[in-house]
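Enquirer: Below is one structure. I have some questions about it.
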Amino acid sequence: MATGIQFILIIAAHVTKYGGGTCYPMCQELFSWYNPSISICFKGCDFGVGRVNDPKGRDEAQRMCKRFTAETMWTKRGELEEIEDLRVHADMFPQTPANIYRACLAGVRRQKY
């Protein structure tokens, strides 16, 4: 059983950027509870840690999302560059490469640091 101090340290460790901070709960709020896009949004949170406030780092996180999408599902060359509308909604399922990329970028956009 954890003592009071250990419990506080456990809570504090989860709130830091290494525990996901507020990015993970924001991804859970964004998508429906049964939507598998939540885990892809979590991956975007992980890609965005430490890169969001730097323009080069943000580009790197976006490239990481493109790479993740290409590794997850077969994509045509240049298909992800042609996406103009990056908005997501609660019932957007990861059935196409565009939807996977959008869900991943949603996680990057929700990361605060």
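The values are calculated or read from the model by the stated rules, or taken from the named source; none is laboratory data. Since the structure is predicted, the reported quantities are computational estimates derived from the model, not experimental observations. Neighbour counts are summed over all protein chains in view; Cβ atoms, including those assigned to glycine, are modelled from backbone coordinates with ideal geometry. For the accessible areas, the whole protein counts, side chains as well, though only heavy atoms, and no ligand, DNA or RNA atoms are used. Shrake-Rupley method; radii C 1.70, N 1.55, O 1.52, S 1.80 Å.
Enquirer: Scan the stretch 30-77 for residues that are in a helix (DSSP H, G or I) and more than 12 Å from residue 107 (Cβ to Cβ) and report the count.
Expert: Adding up the residues that qualify gives 13.
Enquirer: Please indicate, with yes or no, whether at least one residue in the stretch 78-94 is free of Cβ contacts under 8 Å to residues at least 24 places away in the same chain, open to solvent by 20 Å² or more (accessible area, probe 1.4 Å) and not in a loop (DSSP other than H, G, I, E, B).
Expert: no
Enquirer: Please name all residue pairs, on different chains or six or more residues apart, with Cβ atoms under 9 Å, provided the first residue is in the stretch 95-108 and is touching a residue at least 12 places away in the same chain (Cβ under 8 Å) and farther than 11 Å from residue 79 by Cα and the second residue is of a type in the set (Asp, Glu) and surrounded by fewer than 23 Cβ atoms within 10 Å (Cβ to Cβ).
Expert: These pairs meet every condition: 102/85; 107/46.
Enquirer: For the stretch 58-76, how many residues meet the condition of being small (Gly, Ala, Ser) and more than 15 Å from the chain's Cα centre (by Cα)?
Expert: Residues in the stretch 58-76 being small (Gly, Ala, Ser) and more than 15 Å from the chain's Cα centre (by Cα): 1 in total.
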